[in-house]
1. Would you check which residues across the range 61-80 are out of contact with any strand residue (DSSP E or B) (no Cβ under 7 Å at 6 or more places or on another chain) and of a type outside the set (D, E, K, R) and list them?
2. Could you count how many residues in the range 92-109 are within 20 Å of Leu62 (Cα to Cα) and surrounded by 18 or more Cβ atoms within 10 Å (Cβ to Cβ)?
3. Could you please find all residues in the range 110-145 being touching a residue at least 12 places away in the same chain (Cβ under 8 Å), loosely packed, with under 15 Cβ neighbours inside 10 Å and either part of a helix (DSSP H, G or I) or among the polar types (S, T, N, Q) (or both)?
4. In the set Pro169, Pro88, Pro78, Pro101, which member is closer than 26 Å to Thr185 by Cβ, at pLDDT below 90 and of a type outside the set (Ser, Thr, Tyr)?
5. Tell me, which residue of the range 46-90 that is in a loop (DSSP other than H, G, I, E, B) and under 15 Å from Glu36 (Cα atoms) is most open to solvent (accessible area, probe 1.4 Å)?
6. So which residues in the range 93-110 are out of contact with any helix residue (DSSP H, G or I) (no Cβ under 8 Å at 6 or more places or on another chain), more than 13 Å from Met130 (Cα to Cα) and aliphatic (A, V, I, L, M)?
7. Starting from residues that are among the charged types (D, E, K, R) and modelled with pLDDT of 95 or more, keep the ones in the range 60-75 and report whichever is nearest to the chain's Cα centre (by Cα).
Amino acid sequence: MLQHMTSEPEQQIGVGTQDAFQRLWTPHRMAYIQGENKPTGPGADDGCPFCSIPAKSDEDGLIVRRGEQVYAVLNLYPYNGGHLMVVPYRHVADYTDLTDPETAELGELTKQAMTALRTASGAHGFNIGMNQGTVAGAGIAAHLHQHIVPRWGGDTNFMPVVGHTKVLPQLLADTRKMLAEAWPTQ
């Protein structure tokens, strides 16, 4: 145990007092909390990051794979290391508004992403899904995006539960490069 730590819980009132509680600061999360990179409105010209990312280089946009209808990109604020999103190029909010080719390619890139994540990081499982609408938890509701979150046995530990912090062991640029290299060829 660390010096001054006891097995007994300490009650803190107000700002608290110096204790042995170790803190891991994640100031980069403040950008997400404060809404950085969020669109100012629902239109494609309202600062939608999913509309502007494809104009960037793969490295600058964190794009892992480009398709004809959709692209795969790392989440700038990941739930887990390797958290990808598959996004249509077209600014569309609802899954039912996708064309058949967009729907097919979204599914195909999702399968490829799972293969790449298993190859590159040995993912044991995945959370895959879309939040449709702000009330359903979509951070950017105006532009559809499907999350692919790799999971490993024991990856949920005390950090997110107690510390409300996710520890990512790799820089996003390094993760992008690793996944792009592991992406299956057609």
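1. If the condition is that a residue be out of contact with any strand residue (DSSP E or B) (no Cβ under 7 Å at 6 or more places or on another chain) and of a type outside the set (D, E, K, R), then Gly67, Leu76, Tyr77, Pro78 are the ones that fit.
2. 3
3. Thr115, Asn127, listed by residue number.
4. Sole residue among the options that is closer than 26 Å to Thr185 by Cβ, at pLDDT below 90 and of a type outside the set (Ser, Thr, Tyr): Pro78.
5. Leu76
6. Residues satisfying the conditions are Ala104, Leu109.
7. Arg65
The values are calculated or read from the model by the stated rules, or taken from the named source; none is laboratory data. This one's a predicted model, so the numbers in the text were calculated from it and none came from an experiment. Heads up, the Cβs are rebuilt from the backbone with ideal geometry, glycines too, and the neighbour counts pull from every protein chain shown. These accessible areas exclude ligands, DNA and RNA; they are computed on the full protein's heavy atoms, side chains included. Shrake-Rupley method; radii C 1.70, N 1.55, O 1.52, S 1.80 Å.
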